[in-house]
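Below is one structure, written out as structure tokens; comments come after it.
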Amino acid sequence: MTPLQAHYRQLHESSLKKIAKEGFSYDAALQDSGDSRRGLTLLLRPNESLKAAFGKFLEAVKAVEPDQYFYPTSDMHVTIMPIISCYSGFNMDDLELSRYFSLIRHALLPVRKMTVRFEGVLASTSCLMIRGFPLNEELEHCRQNLRAAFVPTDLEQSLDKRYKLVTAHSTVVRFQREVKQPEKVVALLEQFEGYFFGEQIFDQVAFVYNDWYQRNEIVKTLQYYPLND
């Protein structure tokens, strides 16, 4: 078992134990039209083939919990790094965006295309995710370069403030109200435990302005960074 496989397993089993005791939780902010949390993120976008494969899992969950929040294909993503984690009061006009563009461009210059395999699912108490496994070192290379680039600057940033990112998951379902059939959700997690969704070679990184949920109507793509062969 690789370190990432072990990490996913530990997170998943820890969540299942908590769910068995306390049930699923839910995110009330999903239905709050006044949620003003905004930030900046570097991310990867899955292709149409992957989004269709992710959709098979969403449809299975929707069949047992139709009132939850399901990510539309336009919003599906893999977070590379939250440059500024979302918070209320964030104003992009307060930033020197040109400095961010330049710093990120230089950090990504040596980074090559990232290959990620998506297999199996992962639960937290309030959301369901697709597990991603990088097949080369480029995602980690990218993250390390970004950390090294931002740390010595005075630019506003929140890299690794919440936790150090080591995964390549994609969140696809969030619970926005009480889960009515928890045992059926857990059964679906077992059913999709080793499901192969596909692989993708990512050839560009997107730098976006976003809300907490990466909703397409709020997201603004600020820059694309192509990756080398």
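Read the figures in this text as sums done on the coordinates, not as results from a lab. Quick caveat: nothing in here was measured; it's all calculated off a predicted structure.
Across segment 67-197, the mean sequence separation of Cα contacts (distance under 8 Å, 6 or more residues apart), normalised by length, yields a relative contact order of 41 percent. How far, in degrees from 0 to 90, does helix 3-22 lean away from the longest principal axis of the Cα atoms of the chain, to the nearest 10? With rounding to tens, the tilt is 50 degrees. Averaging Cα coordinates gives a centre for segment 1-80 and one for segment 107-150; these two points are 15 Å apart.
Histogrammed with a bin width of 10 Å, the alpha carbon distances of segment 74-166 distribute as 13, 40, 34, 13, 0 percent, first bin at zero.
The angle between the Cα long axis of helix 97-108 and the main principal axis of the chain comes to about 80°, on a 0 to 90 degree scale. Compared with the dominant principal axis of the Cα atoms in the chain, helix 138-150 is inclined by about 50°. Which whole-number percent gives the relative contact order of the chain, counting Cα pairs below 8 Å spaced six or more residues apart? Relative contact order for the chain comes out at 34 percent.
Beta bridges from DSSP with both residues in the chain: antiparallel share about 95 percent, rounded to the nearest 5. Which option, (1) 124; (2) 143; (3) 112, is the value of volume of the Cα convex hull per residue in Å³ that was calculated from these coordinates? Read-out taken from this structure: (1).
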